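A short write-up of the structure that comes next.
The values are calculated or read from the model by the stated rules, or taken from the named source; none is laboratory data. Keep in mind that this is a model prediction, so the values were computed, not measured. FYI the Cβ positions are ideal-geometry reconstructions off the backbone, even for glycines, and counts take in every protein chain you see.
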Amino acid sequence: MTLGIDWTTDWIRRSAAVVSEHRGELITLDREIGDGDHGENLDRGFTAVLAKLDDLPADASPGDALKLVATTLISTVGGASGPLLGTAYLKAAGAVGQEKELDGAALVALLTAARDGVVLRGKAEPGDKTMIDAWTPAVDAAAAAVADGKDEVAVLEAAAAAAEQGAEATEPLVARKGRASYLGDRAIGHRDPGAQSSSLLLRAAADAAAGAPSAGQ
Amino acid sequence: MTLGIDWTTDWIRRSAAVVSEHRGELITLDREIGDGDHGENLDRGFTAVLAKLDDLPADASPGDALKLVATTLISTVGGASGPLLGTAYLKAAGAVGQEKELDGAALVALLTAARDGVVLRGKAEPGDKTMIDAWTPAVDAAAAAVADGKDEVAVLEAAAAAAEQGAEATEPLVARKGRASYLGDRAIGHRDPGAQSSSLLLRAAADAAAGAPSAGQ
Amino acid sequence: MKKLINDPKNVVDEAVAGFEAAHGDIVTVSHDPIYIARKDAPVAGKVAIVSGGGSGHEPLHGGFVGYGMLDAAVPGPVFTSPTPDPILAATKAVDSGAGVLHIVKNYTGDVLNFETAADLAAADGVEVRTVVIDDDVAVKDSLYTAGRRGVAGTVLVEKIAGAAAERGDDLDAVAAVAEKVNGQVRTMGVALTPCVVPHAGEPSFTLADDEIEIGIGIHGEPGRERIKLAPADEIVDRLLKPVLEDLPFASGDKVLLLVNGMGGTPQVELYVVFRHAAEVLAGKGIEVTRSLVGNYVTSLEMQGVSISVLKLDDELTELWDAPVQTAALRWGR
Amino acid sequence: MKKLINDPKNVVDEAVAGFEAAHGDIVTVSHDPIYIARKDAPVAGKVAIVSGGGSGHEPLHGGFVGYGMLDAAVPGPVFTSPTPDPILAATKAVDSGAGVLHIVKNYTGDVLNFETAADLAAADGVEVRTVVIDDDVAVKDSLYTAGRRGVAGTVLVEKIAGAAAERGDDLDAVAAVAEKVNGQVRTMGVALTPCVVPHAGEPSFTLADDEIEIGIGIHGEPGRERIKLAPADEIVDRLLKPVLEDLPFASGDKVLLLVNGMGGTPQVELYVVFRHAAEVLAGKGIEVTRSLVGNYVTSLEMQGVSISVLKLDDELTELWDAPVQTAALRWGR
Ligand SMILES: Nc1ncnc2c1ncn2[C@@H]1O[C@H](COP(=O)(O)OP(=O)(O)O)[C@@H](O)[C@H]1O
Ligand SMILES: Nc1ncnc2c1ncn2[C@@H]1O[C@H](COP(=O)(O)OP(=O)(O)O)[C@@H](O)[C@H]1O
Ligand SMILES: [Mg+2]
Ligand SMILES: [Mg+2]
Ligand SMILES: [Mg+2]
Ligand SMILES: [Mg+2]
């Protein structure tokens, strides 16, 4: 079973729902080691995405939907996460081109391009306590799952689980990028808000693939 | 036993001590229905008085000492209580002239002039919830004691007791002068800080006459 | 109490010394007795204007000393009127012979201390007029109160009277302009949080997390009534209503709208308030032709705002627009 | 949360509308996308200067739009960098053909969003230079941080670069002046209390009653270290030491001393701080030839202060003194 436009828009809707649901939690994480706006930023962005989603032409490809997310996030989120996540979706859209159906390899290409987009703009390395620390294990786990011959649902499940672990693993780290880097040792013990939100987005991707009941519906 | 310069300077020293001791209480009363500076104002004033008291010539009269208090309060207290109490002491000094020894009648004249001085400057009437509400019963009680043939100690004791009652009796009043008047009904239940401090000053006068052990010594 | 101070007893002295160090191009400072004077005072032939009062309302009054506004400001201890001595000294120091106007906010202490100083100055041959400012509509002006308080409207009186003095009006004329402004300005304020007087060390009053105090004065004294926190627009409506009804202001009036921060209010909030206040005035046909937004007459770190409306005519507008060069208000030079 | 606001989502829009209503003589406002532009922009032949960033730092940046300073300011949501769209729109609106300087505070979000806008503007044929401000010595500038933050020194860069543009310098020259100021200014701040972001509704951090946060940023983000409340003079010593050592400043230097309030600090405290800071500099033979005291780069209602020292030479002094006419900084016209 490959994943097409229905999966993509479902992923996007679930993303909006999960970001809205976790808005307060993300704000709190960002208040602790940043400036307290991360949940608000993403919620504003995905609310705008939702509003535009119905305008997608019926024959849109996954890449078209991802590009819509990219440009909308870039023009509504602001802050650090706006350009970073926006670039992630933009590069992801580029990676899948006009393909209508994505198989495991295409999903790995999508995730890899997204992660690389964040690195391109933000220059963060793994272990810097940023959203990269959710994306990179997700990319690796997805690639391993494909190598193991897993199906698309399992590939995204592996990515989501790895992203969740990656987000959790940011807790003991000292930050080297973003606002948390100003804190030095005092960032230790706090989860990076961007890693957390990225793990939520990747979980939404897996849930959409698995057809899990959606919180937003 | 008439009262001379020793009583006067003892009164002044006791006033300084009692104001310093009750500084916090007067601030709190003034915070509740005014602007929270009454204790600080009087403490600043009487501290300055104390510093000048030793400069009084050996042959000074009670009136000289009262005039020193008056000019010092006027030039150091500020706020409403500075000019009001300053005028009280100034008029009191005028009332006793250069008499060296004050008998009951002279004490009544002193207290009456002080009260009238406050009224002259502040235009308050009894029941307006001001320091007048301590001074006026004190004047009346002192006059009654003299009429009853009481000695000077008893006259001042009567004044002090009446002032204390007068201060307490300001609690249920609505204020018509001073900052507390802005509060309307909300001043009810609070004692007027100026009435309270005046009652403390009159208690100090009685204590000095009675030769009670002094807090400041 | 959390403050950037050393000994509470020295706050005013040290702040004035800092003011002197920062604004030595505009003012000179006398430290004993304490007052802040315009650097080039006395200005030959010009009526001098002296104001003052308790500290804690900065930039009032020291921040308004300079060309086109005050000749001297006399700061008392925090929230306590200065005594007559420094008022007298300042009055004599800035008098050029053309006389001195005292601008006094209507509080018993300020009135009495300035009164004594004026008497003493007169005895020394200085001609003094006094204008008492009482723009606060929160207080009923009746036999049952000490009368309306002088609040944020004071800055408008000082600016406009200062311009009149600067253009060469004589003492009676400057006093008349000041009276006119006082007669045409109305103010009402609200506090969201109390302030902490340094020597008291505790909040001037307590407000629950969802309470605000309407009709607040500028000394941390409680206001007229306590209500539940409401959206800014509702609060503005509530402040503006008595302000507009009192004069009353009417359709066709041109006005200056002053939204004054109480010291601890973020500037975004002042502009949120200004927006709706201007909207309400427009809705009533009252035209805002001049505006002022910022911390001008404050209560230490209090959060809150006051709204003042001053009815303008050509003369007052021209005097408002005239150049002014002080630490806190400056244009035209 | 106690604030004079309506819906938290509308704070910035409403505040900007209020700003427009109050300062229509100086600025025009675009509401969608949102930016504040100098009324007479584009000014023929003049290099334009655009700055911006998250809201909540007012008067930065909107208060500095006008003659002799910024041509446009782009406010983001509270504490959140604006997106590229309004930056691009503002850039194109004020460009007269002489090019546009972007003054950007060094935060990942600001840098990335301005970068995208600059790329898009360049694609549209607008010449853009970017100067990134990073005056905050509280943060080590190393591989292990996002680099030093842009804080209160920004206002000095905007004023001086604005004067250079106004006198007719070309884009490279204006950018060079801005870089020079950024290279010669150092800042460090302290917070006594946190601030509350409207959409978050809770304090940005918590401090015990006797704790202060040294090295605070301007977004309510925690600072470098937490210490016990101390007398103002000690705190000033602690802020000034890294500021002075960093450049380093030396005996004989002439400097501008900026004591900047974080938004909720009473003005008396700013002057208490200024007094001692000036004293410390004098003790080291560093001459304070220009001063600025007030709320210029704030963090909503935060109580606290930052101290900036800028090394001056004749050119910078002349540009500092040049006329400026904005809502929040004005002299000479
Ligand atoms: N250079 C970077 N590379 C990757 N991610 C980053 C970088 N800087 C910040 N981030 C991510 O952005 C998140 C913060 O986003 P947000 O709060 O929306 O923006 P801001 O920091 O501008 O307020 C951080 O938690 C971190 O995961
Ligand atoms: N008009 C008046 N007549 C008599 N006493 C007054 C008058 N106004 C104020 N007072 C007294 O002054 C007291 C307040 O003094 P204080 O706090 O030192 O001055 P301020 O009100 O200027 O802060 C009041 O409690 C009241 O007793
Ligand atoms: Mg953030
Ligand atoms: Mg008082
Ligand atoms: Mg007082
Ligand atoms: Mg942010």
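Worth a mention:
- Restricting C:53, C:62 to those that are closer than 13 Å to residue B:80 by Cβ and in contact with a helix residue (DSSP H, G or I) (Cβ under 6 Å, 6 or more places away or on another chain) reduces the list to C:53.
- Looking only at segment A:112-145, residues that are more than 14 Å from chain D (Cβ to nearest Cβ) and either within 16 Å of ligand 5 (Cβ to nearest atom) or surrounded by fewer than 20 Cβ atoms within 10 Å (Cβ to Cβ) (or both) come to 4 in all.
- Selected residue (criterion: nearest to ligand 2 (Cβ to nearest atom)) from residues of segment A:64-111 that are in contact with a strand residue (DSSP E or B) (Cβ under 9 Å, 6 or more places away or on another chain) and more than 14 Å from every other protein chain (Cβ to nearest Cβ): A:110
- Within segment C:170-205, tally of residues that are closer than 17 Å to residue B:34 by Cα, more than 10 Å from chain B (Cβ to nearest Cβ) and either in a loop (DSSP other than H, G, I, E, B) or more than 20 Å from the chain's Cα centre (by Cα) (or both): 1
- Enumeration of residues in segment D:176-205 that are of a type in the set (A, V, I, L, M, F, W, C) and within 23 Å of residue D:76 (Cβ to Cβ): D:178, D:191, D:195, D:196, D:197, D:200, D:205
- Just one of the listed residues (B:186, B:203, B:179) is among the basic types (Lys, Arg), crowded, with 17+ Cβ neighbours inside 10 Å and touching a helix residue (DSSP H, G or I) at 6+ places or on another chain (Cβ under 6 Å), namely B:203.
- Qualifying residue in segment A:189-206 (condition: without any contact (Cβ under 8 Å) to a residue 60 or more places away in the chain, within 30 Å of residue D:143 (Cα to Cα) and either of a type outside the set (Val, Ile, Thr) or within 15 Å of ligand 1 (Cβ to nearest atom) (or both)): yes
- Leading residue by the ranking (surrounded by the fewest Cβ atoms within 10 Å (Cβ to Cβ)) among those in segment A:43-63 that are hydrophobic (A, V, I, L, M, F, W, C) and more than 11 Å from every other protein chain (Cβ to nearest Cβ): A:58
- Residue check, residue D:62 within 10 Å of another protein chain (Cβ to nearest Cβ), away from ligand 1 (no atom under 16 Å from the Cβ) and at pLDDT 95 or above: yes
- For beta carbons closer than 7 Å, sequence separation of 6+ or different chains, a first residue in segment C:92-113 that is without any contact (Cβ under 8 Å) to a residue 24 or more places away in the chain and a second that is more than 16 Å from ligand 6 (Cβ to nearest atom) and assigned to a strand (DSSP E or B), the qualifying pairs are C:111/C:104; C:111/C:132.
- Residue that is nearest to residue D:99 (Cα to Cα) [pool: residues in segment D:76-85 that are touching a helix residue (DSSP H, G or I) at 6+ places or on another chain (Cβ under 7 Å) and within 16 Å of ligand 6 (Cβ to nearest atom)]: D:84
- Out of C:250, C:232, sole residue that is within 12 Å of chain D (Cβ to nearest Cβ) and out of contact with any Gly (no Cβ under 7 Å at 6 or more places or on another chain): C:232
Per-residue answers, yes or no, for (1) over 17 Å from residue A:83 (Cβ atoms); (2) over 17 Å from the mean Cα position of the chain (by Cα); (3) in contact (Cβ under 8 Å) with a residue 24 or more places away in the chain; (4) within 16 Å of ligand 2 (Cβ to nearest atom):
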{"position": "A:117", "(1), (2), (3), (4)": "no, no, yes, no"}
{"position": "A:122", "(1), (2), (3), (4)": "no, no, yes, no"}
{"position": "A:135", "(1), (2), (3), (4)": "no, no, yes, no"}
{"position": "A:150", "(1), (2), (3), (4)": "yes, yes, yes, no"}
{"position": "A:171", "(1), (2), (3), (4)": "yes, yes, no, no"}
{"position": "A:176", "(1), (2), (3), (4)": "yes, yes, yes, no"}
{"position": "A:179", "(1), (2), (3), (4)": "no, yes, yes, no"}
{"position": "A:183", "(1), (2), (3), (4)": "yes, yes, yes, no"}
{"position": "A:187", "(1), (2), (3), (4)": "yes, yes, yes, no"}
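- Residue within segment C:65-75 that is touching a helix residue (DSSP H, G or I) at 6+ places or on another chain (Cβ under 6 Å), in a loop (DSSP other than H, G, I, E, B) and facing another protein chain (nearest Cβ under 10 Å) present: no
- Failed item, numbered, when residue C:220 is tested on (1) surrounded by 24 or more Cβ atoms within 10 Å (Cβ to Cβ); (2) modelled with pLDDT of 95 or more: (2)
- Segment D:1-24, subset out of contact with any strand residue (DSSP E or B) (no Cβ under 9 Å at 6 or more places or on another chain) and of a type in the set (Asp, Glu), residue nearest to residue D:94 (Cα to Cα): D:14
- The residues in segment D:110-133 that are crowded, with 24+ Cβ neighbours inside 10 Å and among the charged types (D, E, K, R) can be counted, and the count is 1.
- Extreme residue, surrounded by the fewest Cβ atoms within 10 Å (Cβ to Cβ), among residues of segment D:91-109 that are assigned to a helix (DSSP H, G or I) and either within 11 Å of chain A (Cβ to nearest Cβ) or among the small types (Gly, Ala, Ser) (or both): D:93
- One residue stands out among those in segment A:28-43 that are assigned to a helix (DSSP H, G or I) and farther than 23 Å from residue A:205 by Cβ: the one that is farthest from ligand 4 (Cβ to nearest atom), which is A:33.
- Matching residues, segment C:19-64, being in contact with a Phe, Trp or Tyr (Cβ under 8 Å, 6 or more places away or on another chain), part of a helix (DSSP H, G or I) and free of Cβ contacts under 8 Å to residues at least 60 places away in the same chain: C:21
- Test: residue in segment A:8-26 that is basic (Lys, Arg) and away from ligand 6 (no atom under 16 Å from the Cβ): yes
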